[in-house]
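The values are calculated or read from the model by the stated rules, or taken from the named source; none is laboratory data. Source: prediction; values computed, not measured. Virtual Cβ from ideal backbone geometry, glycine too; neighbours counted across all protein chains shown.
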Amino acid sequence: MPKSKSPRYVIGVDLGGTNIVVGAMTEDGASDLGTRSEPTRSDQGADAVVERIVRMIELAITEAMAATGAKRAHFVGVGVGAPGPLDRARGVVLTTPNLGWQNFPLRDAISERVQLPVKLDNDANCATLGEWWLGAAKGGRNVVGMTIGTGIGGGLILDGRLYHVSSDIAGEIGHTTIDVTGRRCKCGNYGCLEAYASGPSIAERAREAMHGEHDSIMYTLVDGEMERLTAAIVYDAAKKGDGTALEVVRETARFLGAGIANLLNIFNPDVVVIAGGVTQAGETLFDPLRREVRKRAFAAAVAACRIVPGSLPGNAGVVGAVASFNQQTRGVA
């Protein structure tokens, strides 16, 4: 009887402004061998971040081999999702406000150290692809993905394929303008969606809304140290009924709803999937967000689309990085 073919494995890397998440999966996505996360610590410079990624990749491979009996030769490559804009053909991060990098050859820096093929894609593209391949957007044909964390990223899947277009900029939803005279964004523009609805921006608006007053439970939750306030704490306070936190979340829903309504009118997707820490807010955010979309988008576009939180918390980017590696090397996820 012929021996069964040994499964092949791909390492997925999700590089974010706050954390790096790395995991190993079988090439077909049937088996997830677990993920690990470490702080990005971009203040140490790009080379130190690369060394951290490489160490995490090697550890993921070692642990996967121990768990499965696989050999090093069964690991066929690494998919990396990184903040953009990117030049995928050259494997270069062109610029990323949340890491402070310019024209950094990330793909080759990793590949040379781990001696495996590496494919690079935008981190939000990867999260969208992950949710489409194995998560909440599975079965969708035309999908808009949003990732909300340190920044706001986006990905577009049109007719079942990631949409990159002329220069890999497609899907930069966070840097669409919602207020031409609004807040300054880290990208240098004014009024970007990211300047209002990213995690740090939500926390900043909450601090402003408190006006130095101490009657919000958010003040208690951070022991009076307002620099410790995060979007997750704002969501937690809103769920506890805190009036200030609830208004910040509702305002966030209005900003996101306006941005999503624009996307529905432009792309007419069947799914909008929203991933990242914002999903912790639950229906406190999603209910007013959907109402705002219904107010602003064409009824036919709203009727055709479901707006859902991601179902791969913590590892959508890793799953999508594996899927992106597959698409770039084999043409299929």
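Of Glu58, Glu63, all but one fail to be more than 20 Å from the chain's Cα centre (by Cα) and under 14 Å from Arg113 (Cβ atoms); the exception is Glu58.
Applying a threshold of 7 Å to beta carbon distances and a minimum spacing of six or more residues, or different chains, the list of pairs starting in region 178-195 at a residue that is modelled with pLDDT under 95 and ending at one that is of a type in the set (Asp, Glu) and not in a loop (DSSP other than H, G, I, E, B) reads Cys185/Glu194. Return yes or no: is Val50 surrounded by fewer than 19 Cβ atoms within 10 Å (Cβ to Cβ) and modelled with pLDDT of 95 or more? Spelling it out, Val50 is indeed surrounded by fewer than 19 Cβ atoms within 10 Å (Cβ to Cβ) and modelled with pLDDT of 95 or more. For region 153-200, taking the residues that are among the basic types (Lys, Arg) and touching a strand residue (DSSP E or B) at 6+ places or on another chain (Cβ under 8 Å), the one that is nearest to Gly100 (Cα to Cα) is identified as Arg184.
Per-residue answers, yes or no, for (1) outside the structural domain of Ile173 (by TED's automatic domain parsing); (2) touching a helix residue (DSSP H, G or I) at 6+ places or on another chain (Cβ under 8 Å); (3) touching a residue at least 40 places away in the same chain (Cβ under 8 Å); (4) surrounded by fewer than 14 Cβ atoms within 10 Å (Cβ to Cβ):
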| position | (1), (2), (3), (4) |
| --- | --- |
| Ile260 | no, yes, yes, no |
| Leu263 | no, yes, yes, no |
| Gln280 | no, yes, yes, no |
| Arg296 | no, yes, no, no |
| Ala299 | no, no, no, yes |
| Ala304 | no, no, no, no |
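Condition (residue is modelled with pLDDT under 95, touching a helix residue (DSSP H, G or I) at 6+ places or on another chain (Cβ under 8 Å), within 24 Å of Ala238 (Cβ to Cβ) and crowded, with 16+ Cβ neighbours inside 10 Å) applied to region 152-163: is it met by at least one residue? Yes; the residues of region 152-163 include at least one that is modelled with pLDDT under 95, touching a helix residue (DSSP H, G or I) at 6+ places or on another chain (Cβ under 8 Å), within 24 Å of Ala238 (Cβ to Cβ) and crowded, with 16+ Cβ neighbours inside 10 Å.
Could you check, for region 324-333, whether at least one of its residues is over 15 Å from Cys126 (Cβ atoms), of a type in the set (Ser, Thr, Tyr) and surrounded by fewer than 23 Cβ atoms within 10 Å (Cβ to Cβ)?
No, region 324-333 contains no residue that is over 15 Å from Cys126 (Cβ atoms), of a type in the set (Ser, Thr, Tyr) and surrounded by fewer than 23 Cβ atoms within 10 Å (Cβ to Cβ).
Listed by position, the strands (runs of 3 or more DSSP E) contained in region 96-154 that have at least 2 residues being closer than 16 Å to Pro313 by Cβ and either in the same structural domain as Gly174 (by TED's automatic domain parsing) or aliphatic (A, V, I, L, M) (or both) are 143-148.
Restrict the check to region 80-95 and report whether at least one residue is within 16 Å of Leu15 (Cβ to Cβ), touching a helix residue (DSSP H, G or I) at 6+ places or on another chain (Cβ under 7 Å) and basic (Lys, Arg). No: zero hits. For region 72-81, a residue qualifies if it is surrounded by fewer than 20 Cβ atoms within 10 Å (Cβ to Cβ) and touching a residue at least 12 places away in the same chain (Cβ under 8 Å), and the qualifying residues are His74, Val76.
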